[in-house]
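This report refers to the structure that appears directly beneath it.
The values are calculated or read from the model by the stated rules, or taken from the named source; none is laboratory data. Just so you know, these numbers come straight off a predicted model, no measurement behind them. Note that each Cβ is placed from the backbone with ideal geometry, even for glycine, and that neighbours are counted across all protein chains shown.
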């Protein structure tokens, strides 16, 4: 992660000033590639000797043998600085920490040595301190970076009308800047461990695009929540009806199991470990019926007192679908319509409408406590927590045993029954199968929705794609709803462009 941590101060004599900053220097480029953009070149060949020890792999020291960073710094002149807006003494070379594990150096000085970085930090300093309201704010910059600043109450830097005092004088700590360097270096290292950059090779998948769009929507939603935070605090702590997936009811016997489930997250130790594990627990016929409804986009309802079991089941079943086709309400106190969710968890006492019980577009899994005489092992996956349950899978339109079903379902079952394939290999097979059928969905979407071809041509296309069967057609139409907005808008913009019209003609 590339970032700079800077401590800024508003001097009453000279205005906003940068007191101290720590930046990240990555490993030098191979010889011949040029390194004119790397500040602090003089310290790259130094050894780690003495100084401030940060941890077993990181030390900080002053680069005595290296060239002074002050000499090439684009900072203000000495005449424009007083003791209150100066951190390191004139000629002080700064501090360096070297991380052996990542070959990264953390360099601290009063100003960044690179002119472009100095300009960015300077602008952030001026904008963060040239205001009367001290609030945390974020703003972008032309370099496509993100600057975050937090302003603090300015400290008293003059006493009895005397000259400005330095921060080391105010704190009576001669090692203040060395301590700040170690803290800033640790902060950058910790953030770098949590925030990583990923290089995508090739075009991103539909799941990746949908996830990025959902993250963007969540950020916009969180911003709106922050703006209305004051109003929400005045209201009673009632869960809003529009919060899908967070509606919970604590009954007399369920209060302990439902506590802390307001914001649903996957369990660290799942009840169902994999699709293969679920197939062993439910049995092959029941699993096939359940998987068929999942792939077709029908509503899947689980009724159980065990919230963790329901959430674990949904985490496993959702792997069969593209991310854009998954709409989950993990546990609700009332029935929710199919347009709101295709995975719904319910408490056992919730009544399901009769038309849903008899519908061919819904499947219900009821989890009951198994009698002692019916306790059964759960297969090679030894999990005693599931042996105490009995699973009943029902639907208004059961899948016939001789029904061919969608092609992807047959391939999934073939992979699950092949004991020569490990769970990890089966997961990769599932990823490949989803990508294969999502590509068919893209072709069908462009053919029918964008190009508006006649039905006869569509049937020919389905035959070429190997998806002319009824179940395959239904699957493709459902999966079409999971296409990303980015892909759809890209296709529509391509069709509207003059070059696209000419190429079709």
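Return the total of residues in segment 469-485 being loosely packed, with under 14 Cβ neighbours inside 10 Å and either more than 16 Å from residue 447 (Cα to Cα) or over 32 Å from the mean Cα position of the chain (by Cα) (or both). Reasoning before the result, please.
Applying the first criterion (loosely packed, with under 14 Cβ neighbours inside 10 Å) to segment 469-485 yields 470, 481, 485.
Cutting the leftovers down to either more than 16 Å from residue 447 (Cα to Cα) or over 32 Å from the mean Cα position of the chain (by Cα) (or both) gives us 470, 485.
So the count comes out to 2.
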- For residue 448, the lone unmet condition from (1) buried (at least 16 other Cβ atoms within 10 Å of the Cβ); (2) closer than 15 Å to residue 275 by Cβ; (3) without any contact (Cβ under 8 Å) to a residue 12 or more places away in the chain is (2)
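The rows are residues; the columns are (1) surrounded by fewer than 17 Cβ atoms within 10 Å (Cβ to Cβ); (2) modelled with pLDDT of 80 or more; (3) in contact with a strand residue (DSSP E or B) (Cβ under 8 Å, 6 or more places away or on another chain); (4) in the same structural domain as residue 96 (by TED's automatic domain parsing).
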| residue | (1), (2), (3), (4) |
| --- | --- |
| 156 | yes, no, no, yes |
| 164 | no, no, yes, yes |
| 180 | no, yes, yes, yes |
| 204 | yes, no, no, no |
| 214 | yes, yes, no, no |
| 219 | yes, no, no, no |
- Does residue 316 fit the bill of being out of contact with any helix residue (DSSP H, G or I) (no Cβ under 7 Å at 6 or more places or on another chain) and free of Cβ contacts under 8 Å to residues at least 60 places away in the same chain? no
- Would you be able to say whether some residue in segment 338-356 is touching a strand residue (DSSP E or B) at 6+ places or on another chain (Cβ under 9 Å), assigned to a helix (DSSP H, G or I) and more than 23 Å from residue 208 (Cα to Cα)? yes
- Query: Is there any pair linking a residue in segment 189-218 that is farther than 16 Å from residue 321 by Cα to one that is at pLDDT 80 or above, with Cβ under 7 Å and at least six apart or on different chains, and which?
  - Reply: 189/99; 191/3; 213/484; 213/485; 213/486
- Task: Among the candidates 93, 74, single out the residue that is surrounded by fewer than 16 Cβ atoms within 10 Å (Cβ to Cβ) and either in the same structural domain as residue 186 (by TED's automatic domain parsing) or at pLDDT 50 or above (or both).
- Result: 74
- Task: Report yes if some residue within segment 486-496 is outside the structural domain of residue 325 (by TED's automatic domain parsing), modelled with pLDDT of 90 or more, part of a helix (DSSP H, G or I) and in contact with a helix residue (DSSP H, G or I) (Cβ under 6 Å, 6 or more places away or on another chain); otherwise report no.
- Result: no
- Query: Where residues in segment 257-267 are surrounded by 16 or more Cβ atoms within 10 Å (Cβ to Cβ) and part of a loop (DSSP other than H, G, I, E, B), which of them is modelled with the highest pLDDT?
  - Reply: 264
